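The values are calculated or read from the model by the stated rules, or taken from the named source; none is laboratory data. Because the structure is predicted, anything quoted here is derived from the model rather than measured. Please note: Cβ atoms are built from the backbone with ideal geometry, for glycine as well, and neighbour counts cover all protein chains shown. For accessibility, only protein heavy atoms count, side chains too; no ligands or nucleic acids. Shrake-Rupley method; radii C 1.70, N 1.55, O 1.52, S 1.80 Å.
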Amino acid sequence: MIAVIGSSNMDIVFNVEHLTLPGETQKANSLNFYFGGKGANQAVTVAKLSNKTVYFCTCLGEDEYGNQISENYKKYDIQGYYIEKGEKTGSAFIEVEKTGENRIILFTGANDKVDKDKIDLFLNNYEEKIDICLLQNEIPPESVEYSILRLNKKGIKIVYDPAPVMSTNISVLGKVDFLTPNETEFTFLCDKLNIPENWDFEDKALAFKRLSKVSNLIIKLGEKGCFYIDNKENYGYIKALKVKAIDTTAAGDVFNGAFSVYYEKTQNFIDSLKFANAASAISVTRKGAQSSIPSYEEVPFKD
């Protein structure tokens with residue numbers, strides 16, 4: 001089974017002509033509300049692509065957004081989440097311009113209550129059933145670090161998206177099985193390890209893998225696909241599907257969820273990357289976060 005430890009948000013999305021400049025006021029073309037949060041996006045991706053129960057350690061607020069999200073989790077058979085009394089549900093305010101690029105302001109809310117005690121309770125209940133667990137950085141940094149250490153000790157495969165990247169603790173990456181930054185996040189992590197900016201991309205990636213001691217490095221490159229270095233230092237690129245992007249929100253989360261589903265099914269690293277690339281490409285052709293996630297049958301890559 002696949003589990004997720006992470007965030008749940010309500011995404012409030014403004015569609016605009018261009019990303020608003022400092023001091024500028026512009027009229028939004030539309031306003032929409034979508035279920036989101038990096039952890040939730042990954043959990044729903046796993047649920048939609050696998051048609052299996054997903055165990056999800058997250059906290060919702062005791063408010064209307066939390067009620068709506070909880071009902072959505074029931075629809076997908078997502079279990080294990082907590083309702084936090086007196087807290088507001090996390091929210092993300094997202095601008096999406098006509099090219100599909102976005103900018104996000106995050107209010108963490110109840111996500112800050114995903115702490116060591118809740119993680120312990122969650123894993124005590126489910127860890128014997130879990131093969132793979134997905135993590136991200138929209139919960140407290142100490143919770144991410146604790147999760148990595150405990151999951152690694154139990155031999156559970158960890159798929160870690162270091163986003164937002166600023167709180168990533170380099171010292172625990174050696175316990176991670178699959179690290180999945182995008183290109184910007186990868187550059188930030190290289191800076192933390194003092195890897196020179198003027199090195200070739202592939203040389204930087206190999207140096208980062210060796211210094212961080214992560215098992216498998218996967219760098220998401222958007223419309224260029226992804227680059228990988230596996231645990232034997234084999235490396236290469238997986239090309240992206242050619243699509244017309246209208247909204248890139250959650251594409252990285254769909255990639256991680258899809259990769260985990262296919263890897264659990266096949267244990268084939270390269271095929272799992274191809275499947276993840278295809279699923280994330282489909283997602284950017286649709287609006288919203290979870291509303292953009294394809295079903296398994298829609299993904300144009302199969303074994």
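Side notes on the structure shown:
- The number of residues in the range 254-272 that are open to solvent by 10 Å² or more (accessible area, probe 1.4 Å), of a type outside the set (S, T, N, Q) and under 23 Å from residue 205 (Cβ atoms) comes to 4.
- Within the range 50-71, if we keep just the residues that are in contact with a Phe, Trp or Tyr (Cβ under 8 Å, 6 or more places away or on another chain) and open to solvent by 10 Å² or more (accessible area, probe 1.4 Å), the residue that is nearest to residue 14 (Cα to Cα) turns out to be 68.
- Test: residue in the range 277-289 that is over 19 Å from the mean Cα position of the chain (by Cα) and open to solvent by 10 Å² or more (accessible area, probe 1.4 Å): no
- Among the residues of the range 171-198, those identified as open to solvent by 30 Å² or more (accessible area, probe 1.4 Å) and either closer than 23 Å to residue 273 by Cα or in contact with a helix residue (DSSP H, G or I) (Cβ under 7 Å, 6 or more places away or on another chain) (or both) are 174, 175, 182, 183, 184, 187, 188, 192, 193.
- Residue satisfying condition, being over 29 Å from residue 223 (Cβ atoms), open to solvent by 10 Å² or more (accessible area, probe 1.4 Å), within 19 Å of the chain's Cα centre (by Cα) and of a type in the set (Gly, Ala, Ser), within set 86, 80: 80
- Filtering the range 124-150 to residues that are of a type outside the set (D, E, K, R), open to solvent by 80 Å² or more (accessible area, probe 1.4 Å) and under 15 Å from residue 172 (Cα atoms) leaves only 149.
- Of all residues in the range 1-31, exactly one satisfies the criterion of being open to solvent by 50 Å² or more (accessible area, probe 1.4 Å), touching a residue at least 40 places away in the same chain (Cβ under 8 Å) and closer than 24 Å to residue 108 by Cα, namely 14.
- The sole residue among 42, 68 that is of a type outside the set (A, V, I, L, M), in contact (Cβ under 8 Å) with a residue 40 or more places away in the chain and over 20 Å from residue 296 (Cα atoms) is 68.
- Scanning the range 244-303 for residues that are free of Cβ contacts under 8 Å to residues at least 12 places away in the same chain and touching a strand residue (DSSP E or B) at 6+ places or on another chain (Cβ under 7 Å) yields no hits at all.
- Among the residues of the range 226-253, not one is within 18 Å of residue 211 (Cα to Cα), open to solvent by 40 Å² or more (accessible area, probe 1.4 Å) and touching a helix residue (DSSP H, G or I) at 6+ places or on another chain (Cβ under 6 Å).
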